[in-house]
1. Using 1/(1 + (r/R0)^6) with R0 = 25 angstrom and r between the beta carbons of residue 372 and residue 393, what's the FRET efficiency to the nearest 0.05?
2. Pairwise over distinct Cα atoms, reciprocal of the mean inverse distance: report the Kirkwood radius of region 234-337 in Å, one decimal place.
3. If each residue's Cβ is checked for other Cβ atoms within 10 Å, how do 363, 245 rank with the fewest at the top?
4. Dividing the Cα radius of gyration by the Kirkwood radius, what Rg/Rh value follows for region 248-421?
5. Would you report the distance distribution of C-alpha pairs in region 440-570 as whole percents per 5 angstrom bin, up to the bin with the largest distance?
6. Computed FRET efficiency, Cβ-Cβ of residue 240 and residue 163, R0 41 Å: what is it to the nearest 0.05?
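Values in this text are rule-based calculations from the coordinates and carry no lab data. Owing to the predicted nature of the structure, the values given are computational and were not obtained by experimental measurement. Using ideal geometry, Cβ is built from the backbone for each residue, glycine included, and neighbour counts are taken over all protein chains shown.
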């Protein structure tokens, strides 16, 4: 046998073994599926649906319960007489075909049986649930009936025994209780007739109604108590208090108390109508609004009541404060008028003091009006309290402002004396600077020095002239003195530079004579002397000769300069 033939034989053997193995696997799988179907049918049979039907038939159901029972009895009949026998037949056929290894035929029957089984499982499950509910309905309904009846009797007893606590709502509550009593009778009759489903519906409605009534009763009691006791008491108190306050000369303009009380009685009447209809949500909103309005009246009365002691305690004190400030304002105005004759009040102090005087006078007038209103019983004490507190605060501000003005103008006399002393001192300093330059016996003074000197002399003369005027502007003079001080210092620095430069030129020129053979130094000497004698440019002259000797002998000028300033410090 050739190798090709051998391979073919081996392949055929392998294929045959695969087919046999696959067939055996499918055979075993189908046997398991058959067993599963049979087990499921056994479980369905264990539900004992037939026994449930017998027990329900004995209960002699009626109405909706009977209709429900008949509907599911039909489902049970279809399941037991058609579907389950067909599933059994298909399963038996599949078992025979599996035994004969007719796998394809067995697969078809099993698939049909499994499809039917799904429907049977769902139907049996729902049927069992319905039958169980029907079987337990009577017992559950009785338990629910007993529980609800006990609750009903308790609430009915409370409502009837305390009818006064529910006010106009009692008729609506009794009507509701009567309706519930009729529903209890209906539920009992339906149960006795075997219509447990309909009885359950009635009991469920009763449970909802009782729950709502249980929640409503305390709300009704509370609302009735507010309307009949709390609000009535408060309105009587408000009315009596307001009458007494008017007798005690209180005046209220925030609201019309009597009108508000009248409106509140109308709101209470409307609330009683809501109470009679047991309209809980609307009633709660109405009572909340009534309570809010009453509280607002209380707040107004209490505010005025608390404000009056402040007015009584501080009436005389306010008068004293105003009178004292009027006197202080008048004195300050007179003082400023006198000072204004000699000094210019550049910050409007006189005008401001008159304005403050008028403001205090206006306060005094308002106080007079306020006290007259108090006497006439037309003063709103809370507003008056706020007004007087603001008045006291403003009086303190005015007092502080006036005191500051007084301090500021009092300093004008001292400022004038300081200014005159400063002018004398500046004149002396300028004269000393001028004499220093004269003592140096220089060929002349630089133009810059002459300009600064002339400027300072003129500034001093101007300030001195202004101090001799009838009305002095001290602020302007003070500013001028500051400028003069700066210019005097600049003049001093200019004089120091001239003298030091001239002295250093002399020393440097003398030292430069060592370098008579140096042409660069000679030319520098000539230029330096021209600048010194002819142009009086002492700083420029020094800047000319110093570099020349530095070039001829490095470091020489620095030594001369250091030695010069060291000697100056010793003097």
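1. 0.60
2. 17.4 Å
3. 245, 363
4. 1.32
5. 2, 10, 16, 15, 13, 11, 8, 7, 6, 5, 3, 2, 1, 0, 0
6. In this case the efficiency is close to 0.85.
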